Amino acid sequence: EVQLVESGGGLVQPGVSLRLSCAASGFTFSSYAMSWVRQAPGKGLEWVSGITSGGKYTYYRDSVKGRFTISRDNAKNTLYLQLDSLKTEDTAMYYCAKPSGIYAGYLEVWGQGTLVTVSS
């Protein structure tokens with residue numbers, strides 16, 4: 001079955017960096033574009049970043065551009081999100097997500113997420 005296991009979150013002060021990882025299994029990871037989404041306390045899911053299947057193209061919501069970097073290692077079936085210059089508003093549960101199909105589809109969140117808390 002599809003498994004997406006996030007890790008790397010933690011409690012940090014503003015301006016600090018974190019590197020999140022998502023270990024994928026149960027599907028052909030290298031065939032799928034992947035995304036990171038997040039959910040702040042009391043709020044809905046928010047798309048954060050995406051990357052094409054081969055890692056050539058990346059996309060970010062405006063609020064994280066220049067601070068977050070998405071990448072992937074298809075040989076390791078792992079997706080990453082480097083979070084630099086963290087702000088309190090980045091506090092959220094972070095999930096990796098895959099589209100339901102190789103060519104199109106809705107995003108599926110399979111894991112439990114990893115919590116990023118940015119507080120002074």
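Quick notes on this one:
- Checking Pro99 against (1) farther than 26 Å from Gly15 by Cα; (2) out of contact with any Gly (no Cβ under 9 Å at 6 or more places or on another chain), the condition it does not meet: (2)
- Subset of segment 58-81 that is farther than 24 Å from Ser25 by Cβ and in a helix (DSSP H, G or I) - its residue that is most open to solvent (accessible area, probe 1.4 Å): Asp62
- Residues satisfying the stated conditions in segment 47-57, i.e. of a type outside the set (Val, Ile, Thr) and either surrounded by fewer than 13 Cβ atoms within 10 Å (Cβ to Cβ) or more than 12 Å from the chain's Cα centre (by Cα) (or both): Ser53, Gly54, Gly55, Lys56, Tyr57
- Residue check: Gly10 meets all listed conditions (1) at pLDDT 95 or above; (2) of a type outside the set (Val, Ile, Thr); (3) closer than 24 Å to Ala104 by Cβ but one, namely (3).
- Odd one out for Arg19 among (1) touching a Gly at 6+ places or on another chain (Cβ under 7 Å); (2) within 20 Å of Thr117 (Cα to Cα); (3) part of a loop (DSSP other than H, G, I, E, B); (4) open to solvent by 50 Å² or more (accessible area, probe 1.4 Å): (3)
- Qualifying residues in segment 106-120 (those that are assigned to a loop (DSSP other than H, G, I, E, B) and open to solvent by 40 Å² or more (accessible area, probe 1.4 Å)) - the one nearest to Ser21 (Cα to Cα): Gln112
- Residue ID - farthest from Val16 (Cα to Cα), chosen from residues in segment 82-99 that are among the charged types (D, E, K, R) and outside any strand (DSSP E or B): Glu89
- For segment 82-105, filtering for residues that are over 16 Å from Leu4 (Cα atoms) and either under 14 Å from the mean Cα position of the chain (by Cα) or open to solvent by 40 Å² or more (accessible area, probe 1.4 Å) (or both) leaves 14.
- Answer residue from segment 23-45, given it is assigned to a strand (DSSP E or B) and open to solvent by 60 Å² or more (accessible area, probe 1.4 Å) and is nearest to Gly9 (Cα to Cα) among those: Gln39
The values are calculated or read from the model by the stated rules, or taken from the named source; none is laboratory data. It should be emphasised that the depicted structure is a prediction, and the values quoted were computed from it without experimental measurement. Here the Cβ is made from the backbone with ideal geometry for all residues, glycine too, and neighbour counts use every protein chain on show. Surface accessibility is based on the protein's heavy atoms, side chains included, excluding ligands, DNA and RNA. Shrake-Rupley method; radii C 1.70, N 1.55, O 1.52, S 1.80 Å.
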